[in-house]
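Single-structure report; data block below.
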Amino acid sequence: MKFNDAISGGALLALAIAILVNIQSFPRIPGQSIGPSAFPGLLAGLLAVCAVILIFNGLRKHLSPQRVGWIIPGDWLTSPWHAGNFVLTVVGLLFYILLADKLGFIPCGIILLGALFWKLRVRPALILPIASIATLVIHLIFYKGLRVPLPWGVLLPVAW
């Protein structure tokens with residue numbers, strides 16, 4: 001799916017304005033001309049300039065004789081295979097959001113990866129081992145390496 005540059009530019013301009021509004025609440029440092037809002041403000045200003053350029057170019061293309069549409073749907077929207085992958089991804093994310101605290105990260109990860117591997121036609125004999133190993137590696141990286149407290153759920157009695 002392709003969006004006209006004016007739409008993307010409008011979204012980026014809204015983001016830049018939101019950043020500029022938010023940094024007004026950052027504290028001022030006495031005796032300093034550069035405070036914590038200086039660099040986010042600079043980046044937001046540059047983002048706003050780029051957004052205005054995108055909006056200008058998008059409007060120019062839309063009003064040109066070739067007339068490019070605002071949104072051009074991609075071929076994947078009419079493909080049942082790709083649309084199914086998209087739907088499964090969204091359903092999988094909702095599954096994790098709703099059940100991760102009850103089931104835990106590891107069971108949810110194995111189920112989610114297993115469903116995605118099945119949809120992507122991974123050989124059935126490889127689905128469970130790869131989903132299990134990948135989930136455990138991801139858990140190890142986030143839980144031990146990055147110290148992100150992932151939910152244990154039903155595995156709380158055997159948590160390490």
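The values are calculated or read from the model by the stated rules, or taken from the named source; none is laboratory data. Predicted model only: the values in this text are computed from it and were never measured. Please note: Cβ atoms are built from the backbone with ideal geometry, for glycine as well, and neighbour counts cover all protein chains shown.
Can you name the residue in segment 111-134 that is β-branched (Val, Ile, Thr) and either touching an Asp or Glu at 6+ places or on another chain (Cβ under 9 Å) or more than 22 Å from Val87 (Cβ to Cβ) (or both) and, of all such residues, is surrounded by the most Cβ atoms within 10 Å (Cβ to Cβ)? Explain how you work it out, then say what you get.
Keep residues of segment 111-134 that are β-branched (Val, Ile, Thr), which gives 111, 122, 127, 130, 133.
Adding the requirement that they be either touching an Asp or Glu at 6+ places or on another chain (Cβ under 9 Å) or more than 22 Å from Val87 (Cβ to Cβ) (or both) leaves 130, 133.
Numbers: Ile130: 15, Ile133: 12.
Result: Ile130.
Of the residues that make up segment 2-24, is at least one at positive phi, modelled with pLDDT under 90 and either touching a Lys or Arg at 6+ places or on another chain (Cβ under 8 Å) or outside any helix (DSSP H, G or I) (or both)?
Scanning segment 2-24, I find no residue that is at positive phi, modelled with pLDDT under 90 and either touching a Lys or Arg at 6+ places or on another chain (Cβ under 8 Å) or outside any helix (DSSP H, G or I) (or both), so the answer is no.
Quick one: Leu150 ticks every box in (1) in contact with a Leu (Cβ under 9 Å, 6 or more places away or on another chain); (2) surrounded by 13 or more Cβ atoms within 10 Å (Cβ to Cβ) bar one, so which box is it?
Here Leu150 meets the rest and fails (1).
Output yes when any residue across segment 74-86 is under 20 Å from the mean Cα position of the chain (by Cα), surrounded by 14 or more Cβ atoms within 10 Å (Cβ to Cβ) and within 30 Å of Gly114 (Cα to Cα), and no when none is.
Among the residues of segment 74-86, at least one is under 20 Å from the mean Cα position of the chain (by Cα), surrounded by 14 or more Cβ atoms within 10 Å (Cβ to Cβ) and within 30 Å of Gly114 (Cα to Cα), which makes the answer yes.
Are any of the residues in segment 79-98 over 30 Å from Phe3 (Cα atoms) and of a type in the set (A, V, I, L, M, F, W, C)?
yes
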